[in-house]
Amino acid sequence: MRYKARMDVVLIDIANDPLTKLYGAYRTCYTPKTPREVWDDIAAGSVSREKIAQFVEERLKTGHVSPLEQVVFWFGISGVSRSLSHQFVRHRIGISFEQQSQRYVRFTGKNEERLEYVMPESWREAGRAAEFEKLMEEITRVYREAVAAGIPAEDARFVLPNAAPTNFQIMVNFAELLHIADLRLCTRAQWEIRQMIARMRSELMRKVPELAKYLQPKCGEKRMGYCDEDLKAYEACPLSNSRPHKLQVIEVFKRVRAESGKPMRDLDESDFKAAEEFREAKG
Ligand SMILES: Cc1cc2nc3c(=O)[nH]c(=O)nc-3n(C[C@H](O)[C@H](O)[C@H](O)COP(=O)(O)OP(=O)(O)OC[C@H]3O[C@@H](n4cnc5c(N)ncnc54)[C@H](O)[C@@H]3O)c2cc1C
């Protein structure tokens, strides 16, 4: 009998040909052609797959993000804790959730001696797994007896823990998925939700790698490229070895300007190199 819930994430479906949808949306903004003409060109094969991918890639480097709302993905998620789900459902724009009900589902399966739960590794590492499990057993007993005594599931569930597993089917658009990844792949996010978003990324990677690769923490080179958390959190983060903090970016920028005196639009790589050398020389 398995009591420990196992996280499972599956990409159920994606809006048909998301890359071309994005191409059509962006192209409509930047061409005198009508959408019908844009899509006729696509249907006639006059725009190669490579060109579509390249065009979208270039747009993804810009701040023009509203077309990303036109591409949606469906995921099935199970075996995650109610601790995770409390956090997940705080995302409110561009995402729809359906979550297993604790009102309509009674967790009284005959073959189960006790309810499933999600146990963080830290309990085992601290040598307290047995205590955790004992409490889950006790909760199972109280819950089952309450249901057997006629207490409705919606009331019996009041004793269920944050460790209780739950299931979702969600629909999310690409703009929101990027935003969620910004926040929840960051090392400041809780381990379980980070793990879940990482799995969503892997699922998407198998189908649309051109888009999935943009799912990064906000400091990723395809996202903001720097950390905007407080300095203490930044210094504690392993990613600080490879990614700058916002204050460093501002500082380098100021020095580059001071060094070359050029307006920002004229700065080039040599200016940044000069500023780095200047910084190193100053220690
Ligand atoms: C590391 C971390 C720690 C957290 N700690 C806490 C905590 O201690 N307590 C707590 O309550 N929550 C906490 N949260 C949750 C957080 O405050 C957000 O509720 C959650 O991350 C959802 O993100 P979002 O607000 O960007 O919502 P989304 O729905 O993902 O929003 C998308 C974006 O739309 C815009 N938007 C949405 N609604 C509005 C609006 N009404 N007005 C203007 N713009 C809007 C915003 O730009 C927003 O970023 C934490 C989140 C993280 C990542």
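The values are calculated or read from the model by the stated rules, or taken from the named source; none is laboratory data. Not measured: the values here are computed from a predicted model. So basically every Cβ, Gly included, is an ideal-geometry build from the backbone, and we count neighbours across all protein chains shown.
Just a few scattered comments:
- Residues of the range 33-77 classified as touching a Ser or Thr at 6+ places or on another chain (Cβ under 8 Å) and under 14 Å from Leu211 (Cα atoms), total: 1
- Count - residues of the range 48-72 that are part of a loop (DSSP other than H, G, I, E, B) and surrounded by fewer than 18 Cβ atoms within 10 Å (Cβ to Cβ): 6
- Counting only helices (runs of 4 or more DSSP H) that fall entirely inside the range 111-208 and contain at least 1 residues that are at pLDDT 95 or above, more than 22 Å from Ser78 (Cα to Cα) and not polar (S, T, N, Q), the qualifying elements are 121-125, 129-148, 153-156, 174-184.
- Residues considered: Arg201, Arg223, Arg257, Arg243. Of these, the only one that is over 18 Å from the mean Cα position of the chain (by Cα) and buried (at least 16 other Cβ atoms within 10 Å of the Cβ) is Arg243.
- Test: residue in the range 172-193 that is in contact with a helix residue (DSSP H, G or I) (Cβ under 6 Å, 6 or more places away or on another chain) and away from the ligand (no atom under 16 Å from the Cβ): no
- Selection over the range 80-106 of residues that are at pLDDT 95 or above and either more than 13 Å from the ligand (Cβ to nearest atom) or within 22 Å of Ser202 (Cα to Cα) (or both) gives a count of 15.
- Residue satisfying all of: in the range 161-188; surrounded by fewer than 19 Cβ atoms within 10 Å (Cβ to Cβ) and under 15 Å from Ser81 (Cα atoms); nearest to the chain's Cα centre (by Cα) among these: Gln169
- Only one of the listed residues (Thr108, Thr28) is touching a helix residue (DSSP H, G or I) at 6+ places or on another chain (Cβ under 7 Å), of a type in the set (Ser, Thr, Tyr) and in a helix (DSSP H, G or I). That residue is Thr28.
- Test for Val142: is it in contact (Cβ under 8 Å) with a residue 40 or more places away in the chain and among the aliphatic types (A, V, I, L, M): no
- Lone unmet requirement of (1) at pLDDT below 95; (2) within 16 Å of the ligand (Cβ to nearest atom); (3) among the acidic types (Asp, Glu) for Glu69: (1)
- Here Leu211 meets each of (1) more than 24 Å from Leu84 (Cα to Cα); (2) surrounded by fewer than 18 Cβ atoms within 10 Å (Cβ to Cβ); (3) of a type outside the set (Ser, Thr, Tyr); (4) within 27 Å of the chain's Cα centre (by Cα) with one exception, condition (2).
- Taken over the range 35-48, the criterion of being touching a helix residue (DSSP H, G or I) at 6+ places or on another chain (Cβ under 8 Å) and not aromatic (Phe, Trp, Tyr) is satisfied by Pro35, Val38, Ile42, Val47.
- For Ser270, the conditions (1) in the same structural domain as Leu204 (by TED's automatic domain parsing); (2) more than 32 Å from the chain's Cα centre (by Cα); (3) among the polar types (S, T, N, Q) all hold with the exception of (1).
- Test: Glu259 is more than 30 Å from Ile12 (Cβ to Cβ), part of a helix (DSSP H, G or I) and at pLDDT below 95: yes
- Count of residues meeting criterion [within 20 Å of Ser122 (Cα to Cα) and within 14 Å of the ligand (Cβ to nearest atom)] in the range 194-217: 2
- Going through (1) under 30 Å from Lys4 (Cβ atoms); (2) more than 16 Å from the ligand (Cβ to nearest atom); (3) surrounded by 15 or more Cβ atoms within 10 Å (Cβ to Cβ) one by one, Phe75 falls short only on (2).
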